[in-house]
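Report on the structure given below.
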Amino acid sequence: QVQLVESGGGLVQPGGSLRLACAVSVSINTVTIMGWYRQAPGKERELVASTTRFGNTNYANSAKGRFTISRDNAKNTIYLQMNSLKPEDTAVYYCNVRLSWTSSATWGQGTQVTVSS
């Protein structure tokens with residue numbers, strides 16, 4: 001059973017930066033796809049960024065140029081570096097992994113990001 005623990009959320013002013021981390025309980029070398037999603041109040045959960053073990057990355061239009069997804073295989077951790085944050089980035093951010101293309105997704109508990117002055 002894969003377990004994920006997110007950290008790094010908090011309150012930041014507009015234009016600020018945060019780095020989210022997702023600690024994975026298994027070697028991420030065995031994980032096929034990893035991603036960050038977010039859910040704002042009253043809205044559906046949406047993809048922010050994803051990456052595969054083959055190195056492919058994908059970003060939501062709202063994240064392009066501001067957010068970067070990365071991984072540290074030695075620490076079995078996935079990161080989301082968020083720069084130039086905007087109030088509309090306020091949401092609970094969730095880490096998500098799939099061991100294979102056909103396996104079910106595992107979700108973390110979420111970490112709150114609030115962008116406000």
Please count how many residues of segment 8-32 are farther than 17 Å from residue 68 by Cβ and either of a type in the set (A, V, I, L, M) or in contact with a Ser or Thr (Cβ under 8 Å, 6 or more places away or on another chain) (or both).
9
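Given the residues 90, 77, which is the only one that is hydroxyl-bearing (Ser, Thr, Tyr), surrounded by 17 or more Cβ atoms within 10 Å (Cβ to Cβ) and over 13 Å from residue 21 (Cα atoms)?
Details: 77 fails: over 13 Å from residue 21 (Cα atoms).
The unique qualifying residue is 90.
Do we have residue 11 as assigned to a strand (DSSP E or B) and more than 14 Å from the chain's Cα centre (by Cα) here? So that I can check it myself, show each step before the final result.
Numbers: assigned to a strand (DSSP E or B): yes; more than 14 Å from the chain's Cα centre (by Cα): yes.
The answer is yes for residue 11.
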From the set of residues in segment 1-17 that are over 14 Å from residue 110 (Cα atoms) and open to solvent by 30 Å² or more (accessible area, probe 1.4 Å), which is modelled with the lowest pLDDT?
1
Examine segment 76-93 for a residue that is over 22 Å from residue 115 (Cβ atoms), out of contact with any Pro (no Cβ under 6 Å at 6 or more places or on another chain) and at pLDDT 95 or above, and state whether such a residue exists.
yes
Determine which member of the set 31, 115, 24 is under 13 Å from the mean Cα position of the chain (by Cα) and within 19 Å of residue 6 (Cα to Cα).
24
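The values are calculated or read from the model by the stated rules, or taken from the named source; none is laboratory data. What you see is a predicted model, and the numbers here were worked out from it, not measured in a lab. Note that we place each Cβ from the backbone using ideal geometry, even for glycine, and neighbour counts take in every protein chain shown. The protein model used for the area step is the full one, side chains on, heavy atoms only, and it has no ligands, DNA or RNA in it. Shrake-Rupley method; radii C 1.70, N 1.55, O 1.52, S 1.80 Å.
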